[in-house]
Structures are given as C-alpha cells and as structure tokens.
Amino acid sequence: MMDGFQRRRELKKKGILEAALELFMEHGVQKVSISEIAKKADVSQVTIYNYFGSKDQLAYDTVMYYTENVWHAQKQILINPSIPYTEKLKSIIFDKKQIVTKINNEFHDFIMQIYATDENFNRLYNEELIPHTLALFEEGKKLGYVDKNFSNEVILMYLQMFRIFSQNTSAEQILPYTEELMKLFLYGLSGEKK
C-alpha cells in the first residue's frame, strides 16, 4: 500500500506523463521542450529531470504510458462478454481511427520505432495483445464471422504482416487509410458480413 508521499509522487509523475502525451500528440517529440512540458504539468524542469532523467526517457515512458492506457481500454472491450462480437470489432476500428486522427505524424513514427525494437512493448504484444486477439478470432469462429478453417498459425502470420507493415510505413502513408486497413485486417477482402 502506498503512503501519502508515494501517492503524491505517482500523481505528479502521471501529471507529467499526461502533459507530455498531450504535447507530443499535438506537436511531436522533437518540437516540444522540457520547459513546455513543465509548464503544462505545473512542475519545474528540475522535477521532470528528477523523475525521468532525460527528455529521451520521458518520451519513451510517455509512449509506454500511452500504450498501456490504450491497451487497457481495448482489453476491457475484448474481455467483456456482454458486448456482442460485431460491436467489439466496430469499437476496435472506431477507437483506432479516433486515436490516429489525434496523433502528430512525427509522434506516430516515434511510437512505431519503439514498437519495432522495444523489449517491453514486445512483451506486452506477445503476452497480452496476441492471446486476446486470438481469443477474439476464436469467438468469431464460433459465431460464424471468421472462417473456422483458419489456423491460429495463419492468423498469427496475418497479425505479423500488419505489424511489420505498420512499423515500416510512415505516418503520412498509413494514417489516411487506418479505417480501411482495420476493416481489411478484421474482415478480409470479402468485407463485413451483414
């Protein structure tokens, strides 16, 4: 259990991450200074350096904070048995579209660089995202939305193709097509079943 000091420290750290995220989403990492983040978070620059050590570490921690929050929200939808399968798919597409319309291209590319190489992200991807995505496809198979003949290995290859593509494609190239790509990913070339 956290004492009052630890709780205040965590709240301050969260406030810095939220301020950095908002500024990075709007302007990208390169164009945002520590002084701007400090002003937005209502802390001193020294406080930011005490918590994070450097702007690079703050940028990395901000990406991981953002990723964990987005994943937590998505996971709550995926594991909720009262949400119909088709609504889960629509929510994933809509949420992804909403996320990418709010993100600065340079910050998107920065995130993709981390996703491509980071051990913590790979752990989250392999231990959380993949199992829940496979469970979603299994649910789709049971309900007739996903072809029962597709093996988990083929689905994993399909996921990997999308992952590699998104990591190696600039934001300017990919962001305008996010909704279509998500529909292609979830429904295939035949499109959504009515």
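Protein heavy-atom accessible surface, 1.4 Å probe, per residue over the range 87-194: 61 Å². Measuring nothing but how far apart in sequence close Cα pairs (under 8 Å, 6+ apart) lie, relative to its length, the range 27-184 scores a relative contact order of 29 percent. The helix-only estimate of mean residue ellipticity at 222 nm for the chain, built from DSSP H runs of length n ≥ 4 each weighted as -39500 (n - 2.57), is -23500 deg cm²/dmol after division by the residue total. Cβ under 9 Å from Gly28's Cβ, Gly28 left aside: what net charge do those residues give with Lys, Arg +1 and Asp, Glu -1? In short, -2.
With a simple spin-label model that places each label point 7 Å from the Cα along the Cα-to-Cβ direction, the separation between Arg8 and Phe94 comes to 4.2 nm. What the Cα convex hull of the range 1-134 gives, in volume per residue, is 136 Å³.
For the range 1-129, with all protein chains in place and a probe radius of 1.4 Å, 51% of the accessible heavy-atom surface sits on carbon or sulfur. Once the chain from Lys142 to Glu127 is taken as fully extended at 0.36 nm per residue, the excess over their C-alpha distance is 3.1 nm. Subtracting the Cα-Cα distance of Val70 and Gln45 from 0.36 nm times their residue separation leaves 6.3 nm of extension gain. What pairs from Lys55/Lys183; Lys39/Lys102; Lys14/Lys75; Lys90/Lys142; Lys102/Lys142; Lys12/Lys183 go past 28 Å between their alpha carbons? From Lys55/Lys183; Lys39/Lys102; Lys14/Lys75; Lys90/Lys142; Lys102/Lys142; Lys12/Lys183, over 28 Å: Lys55/Lys183; Lys102/Lys142; Lys12/Lys183. Summary of packing: across the peptides 162-169, 78-85, the per-residue average of other C-beta atoms within 10 Å ranks them, highest first, as 162-169, 78-85.
3J(HN,Hα) along the range 103-112: 9, 5, 4, 5, 5, 4, 5, 4, 4, 4 Hz, from the Karplus curve 6.51 cos²θ - 1.76 cosθ + 1.60 with θ = phi - 60°, whole Hz, x for Gly and Pro. Rounded, prolate or oblate for the range 113-194? Axes are the square roots of the Cα gyration tensor eigenvalues, ordered a ≥ b ≥ c, and the cut-off for rounded is a/c under 1.5. Cα axes put the range 113-194 in the oblate bin.
The values are calculated or read from the model by the stated rules, or taken from the named source; none is laboratory data. Please read these numbers as outputs of a predicted model, since none were measured by experiment. Ideal geometry is used to build each Cβ from the backbone, glycine not excepted, and the neighbour counts take in all protein chains shown. Accessible surface areas use protein heavy atoms only, side chains included; no ligands, DNA or RNA. Shrake-Rupley method; radii C 1.70, N 1.55, O 1.52, S 1.80 Å.
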